[in-house]
Amino acid sequence: MYFSPHAYLTVLVPSFLALIGTVLAARFIAAYFFKAGIVGEDKNKPKPVRLPGSGGIAVAFGLIVGILAYTFGGSFLFVPILSVEPLLATALSIMLITFVGFLDDLNVREKKVKSTDMMDIREGLKQWQKPLLTVIGAFPLMAINAGISTVVLPFIGTVDLGLVYPIIIIPIAVVFASNAFNLLGGFDGLQPGMGIVAALGLLIYSIYFGNGTGILLSAVLSTALIAFLYFNKYPARILPGDSFTYCVGAVLVAIMIMGNAEMFGIIVFLPWIIEFFLHLKRKFKVTDLGVLQKDGTLKAPYDGKIYSLTHVVMNLKKATEKEVTNYLVLLEVLFVILAFGLKFLGIF
């Protein structure tokens, strides 16, 4: 599909509005949520700091502003190239799954309670409730039969999955991605930083292969995450919360589906897949956080055993919080490069 400069302008404007919308929403909720008691603890500091939580609400707002900006412009200002149906389905999916994440962020206690493998002021949803509730984020994509059921599998070739794709593959993908993205975090800038790299990788892929819906969604996601990183980079002023991780995980899946980039997306998403299986070793009763040392570095917990990619970094060297984040963002860059390499080698 060929895109004229005018067509790319219709992507740039929604992306810019998504950035502005995220910034404005983050500034508002930073003050409002703190007063309302919707907070979390930043534990990698000498003294735990309470910060406004559920920053994913700001990202979701920015994403919806960007998507609706394109649909509004297509109704009144220009002739739309993209179908509005998958865009609105994605917006609805964002709203539904972000709401589930917000419910998880709301359960804040005055006294600390046992959460996963640490004491925390936020109890959150029960482990079994998370996959059960996040499946609602897949319903809008299932309803419109999103994506193309024909996929190219490595060493197998083209396979038409038929109704299996929207009825089974899509909900499994949304539930897994949203919950797996939620597993790797706890360090300032880590979740938005890795999310930006993944989104930019999908953006470049979509541009190269001319998929308009993939271009728009990945561009809007990239700018919203860049805006949020400003508030979450070290030292963070707002915490992402589960509303962030569920939202971003679901949008990444939507981009893979809409952009016909499933195999590419799986390679890009490998750090979170690895994190899932590392957490599974301890039945998800795991903390990614380290033990703060006097020199400001973090020591890995669990006596050298590896239950998270953050543990790998902390076991390899004495790393500060910023360094753990930087190494894992670099790891995601390498996986994006690997995905492009495998694609151009014709592996998938």
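Cα centroids of region 50-111 and region 159-181: how far apart, whole angstrom?
Distance between centres, Cα-based: 20 Å.
Could you tell me which label, among [x] 174; [y] 131; [z] 120, carries the value of volume of the Cα convex hull per residue in Å³ calculated for this structure?
Computing volume of the Cα convex hull per residue in Å³ and matching it to [x] 174; [y] 131; [z] 120 gives [y].
Give me log10 I(q)/I(0) at q = 0.13, 0.14, 0.20 Å⁻¹ for region 1-96, Debye formula, one equal scatterer per alpha-carbon, no solvent.
Once normalised to I(0) and log-transformed, intensities are -0.57, -0.63, -0.95.
All other residues with a Cβ under 13 Å from the Cβ of THR245 taken together, and with Lys, Arg as +1 and Asp, Glu as -1, what is their net charge?
-4
Using only alpha carbon pairs under 8 Å that are at least six residues apart, calculate the relative contact order of the chain and give it in whole percent.
Worked out over the chain, it gives 22 percent.
If I model a spin label as a point 7 Å beyond the Cα along the Cα-Cβ vector, how far apart are those points for PHE78 and ILE168 in nm?
Reported label-point gap for PHE78 and ILE168 is 4.1 nm.
Order the peptides 321-328, 75-82, 334-341 from the highest to the lowest mean number of other Cβ atoms within 10 Å of their residues.
In decreasing order of mean packing, 321-328, 75-82, 334-341 become 321-328, 334-341, 75-82.
Under the 0.36 nm per residue contour assumption, what length would be gained going from the current alpha-carbon distance of LYS233 and GLU85 to full extension?
Separation in residues times 0.36 nm, less the Cα-Cα distance, equals 49.8 nm.
For the ranges 42-52, 185-195, 295-305, what's the packing order if you count other beta-carbon atoms within 10 Å of each residue, average per peptide, and put the highest first?
Order by mean packing, descending: 185-195, 42-52, 295-305.
Taking the Cβ-Cβ separation of LEU132 and ASP295 as r and a Förster radius of 51 Å, what is the calculated FRET efficiency to the nearest 0.05?
0.70
Where a number appears in this text, it was derived from the coordinates with a stated rule and is not lab data. Bear in mind that the values here come from a model prediction, so they are computed numbers and not experimental data. FYI the Cβ positions are ideal-geometry reconstructions off the backbone, even for glycines, and counts take in every protein chain you see.
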